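First the structure, in the form of structure tokens, and then the observations on it.
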Amino acid sequence: MSHRCILHYAWSLHLLWVGCLIASTHPAATSSIRPIATMCGGRWGAIVFLTLACGLSIVNIFRLVCVPRIFGFMAMLPQQAAMCTSALGAISYAIQCQYADGVARPFWFIFADQLPCIMAAVWHTVALLDEYGGRGLFNGKAGGSPGSNGRGSKLVGYYSASSAGKQPKP
């Protein structure tokens, strides 16, 4: 499975959250959305932030605009911030032994319940590092095609040729 699946999961989840926040005020009291709503100054701030984060991610993931890699990476940062804020909120609620709506439960119950949110933030971070990590982030030289592992074929060929004692291909 491609690491890009988690990137698609993130924007589709947050777009769903936007729809829920527009339709009702109650989703703002859920454990995953409340930290974002608090960070953004309320329900409408969360709607604007998540919409912008989703929009930037969609444009970047589907390569709708051709931009240097560093701008593509920066376009993914609001989505990453939403994932990490939600995960940190989930950890906080587990430590407090209380959900965002005030329901008290044991630590392990809340932790197990919120673990998918926490792991999604970890997987999203790994996917971004895999997609944009390496020497090519700031100079645009390592990259490869969309969906590659971030190490273009010329870079891989260079290292495999040099390690075998041969001259690298131009």
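The values are calculated or read from the model by the stated rules, or taken from the named source; none is laboratory data. Quick caveat, the model's predicted, so the values are computed rather than measured. Cβ: placed from backbone, ideal geometry, glycine included. Neighbour counts: every protein chain shown.
All conditions in (1) surrounded by fewer than 19 Cβ atoms within 10 Å (Cβ to Cβ); (2) more than 15 Å from the chain's Cα centre (by Cα); (3) touching a residue at least 40 places away in the same chain (Cβ under 8 Å); (4) assigned to a helix (DSSP H, G or I) hold for Ala90, with the sole exception of (1).
Out of Ala112, Ala53, which single residue is part of a helix (DSSP H, G or I) and either buried (at least 21 other Cβ atoms within 10 Å of the Cβ) or in contact with a strand residue (DSSP E or B) (Cβ under 8 Å, 6 or more places away or on another chain) (or both)? Walk me through how you get there before you give the answer.
Working: Ala112 fails: either buried (at least 21 other Cβ atoms within 10 Å of the Cβ) or in contact with a strand residue (DSSP E or B) (Cβ under 8 Å, 6 or more places away or on another chain) (or both).
Result of the check over Ala112, Ala53: Ala53.
Considering segment 13-50, the residues that are in contact with a Pro (Cβ under 8 Å, 6 or more places away or on another chain) and part of a helix (DSSP H, G or I) include one that is modelled with the highest pLDDT, namely Phe49.
Being among the aliphatic types (A, V, I, L, M), touching a residue at least 24 places away in the same chain (Cβ under 8 Å) and closer than 16 Å to Ala127 by Cα is the requirement here; does Ala82 meet it?
yes
Looking only at residues in segment 115-142 that are over 15 Å from the mean Cα position of the chain (by Cα) and assigned to a helix (DSSP H, G or I), which one is modelled with the highest pLDDT? Among them, the one singled out is Leu115.
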